[in-house]
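A short reminder: the numbers here are calculations on the coordinates, not readings from a lab. No experiment lies behind these values; they were computed from the predicted model shown. Note that we place each Cβ from the backbone using ideal geometry, even for glycine, and neighbour counts take in every protein chain shown.
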Amino acid sequence: MTKPDRWVIGNWKMNGSLASNADLLEAVRGKPESSVKVAVCAPFPYLNQVQRALGGSDVQSGAQDVCEHGSGAYTGQVSGAMLREFGATVVLVGHSERRQFNGETSELVAAKAAAALATGLTPVICVGETLTQRVAGLAEATVAAQLAPCAVLLATSSARVVVAYEPVWAIGTGKTASPAEAQAMHAFIRTQLTAIEPSAASVSVLYGGSVKASNAKELFSQPDIDGGLIGGASLVAADFLAIISAAG
Ligand code: PGA
């Protein structure tokens, strides 16, 4: 069985400017060579800037959402083919902020992941429970239900899918899941994935939620944590580079 790739993916969310991105991209582009796959997911308007700044480097470019449809009357949406034209190779789908603020259901998230795969993008399928769900003992059931609609595409395309576990209560709050808590959920996710498709044992399962330079090493040393999805710390070049090196 192929071992999961290790990834560090920056999620800039709705942050940045042409000027601040330029400095950040120059620093990230200069990262030391390593076997860790690195990507930055920028807001749509900056994809061209990212493409030009990272061209010829091994840092991949990504987006934070994709439309489930190929083209047509979907005002405000962006297709996978458009993202590919601007050099994107990965795309986040189902980030908890999109589930929360844009009402995305797990079925829609699965359709977006399928659209990403159909256009040659690697979907990073984000899952994770809220604090209320965790306290009620529903963390595993929540994550299993979020993954369930992706079963078909996991069965056919597991080699091209990445999963990110991001407990909602840990995102942007400074509260990280303890390495043991995160590992327990990652092991559960691995079991769920392989129950759907045995070859899904090689799917990378990333942890996200207040990953910092200071806690990355311990999180990434857990057996079922294959890297991280990094929000706030991906906007600070030195922190993002330190996190990349912690994953190597
Ligand atoms: P954070 O965000 O690292 O700022 O907690 C992670 C994410 O939402 O992807």
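The shape of the chain comes out rounded: with a ≥ b ≥ c from the C-alpha gyration tensor, a/c is under 1.5.
The phi torsions of region 120-127, fed into the Karplus equation with coefficients 6.51, -1.76 and 1.60 and a -60° offset, translate into couplings of x, 8, 8, x, 9, 7, 9, 9 Hz, rounded to whole numbers, with Gly and Pro shown as x. What the phi angles of region 221-232 give under the Karplus curve with 6.51, -1.76 and 1.60, with θ = phi - 60°, is a coupling list of 8, 6, x, 9, 9, 9, x, x, 10, 10, x, x Hz, glycine and proline written as x. Footprinting exposure proxy ranking of Phe86, Phe101, Phe220, fewest other C-beta atoms within 10 angstrom first, gives Phe101, Phe86, Phe220. Can you give me the C-alpha center-to-center distance between region 221-248 and region 51-119, rounded to a whole angstrom? A separation of 22 Å, based on Cα centres. In the chain, helical runs assigned H by DSSP with n ≥ 4 each contribute -39500 (n - 2.57); averaged across all residues and rounded to the nearest 500, the mean residue ellipticity at 222 nm is -11500 deg cm²/dmol.
In this structure, the amide hydrogen of Thr122, modeled 1.01 Å from its nitrogen in the peptide plane, lies closer than 5 angstrom to those of Val90, Val91, counting only residues at least 5 positions away or on a different chain. Among Met82, Met185, Met14, which one moves the most in a GNM of the chain with springs linking Cα atoms closer than 10 Å? Of Met82, Met185, Met14, the Gaussian network model singles out Met14 as fluctuating most. From least to most packed, judged by other beta carbons within 10 angstrom and beginning with the fewest, Thr130, Thr75, Thr142, Thr105 follow the order Thr75, Thr105, Thr130, Thr142. Counting other Cβ atoms within 10 Å as a rough exposure proxy, the listed residues Thr89, Thr173 run Thr173, Thr89 from fewest neighbours to most.
The amide H of Ala164, built 1.01 Å from its N in the peptide plane, has Ile125, Cys126, Val127, Leu206 as neighbours under 5 Å, considering only residues 5 or more places off or on other chains. Close amide H contacts of Val38 (hydrogens built in the peptide plane, cut-off under 5 Å, sequence separation of 5 or more or a different chain): Val8, Gln60.
Computed over neighbours whose Cβ is under 15 Å from that of Leu108, the net charge equals -2, Lys and Arg +1, Asp and Glu -1.
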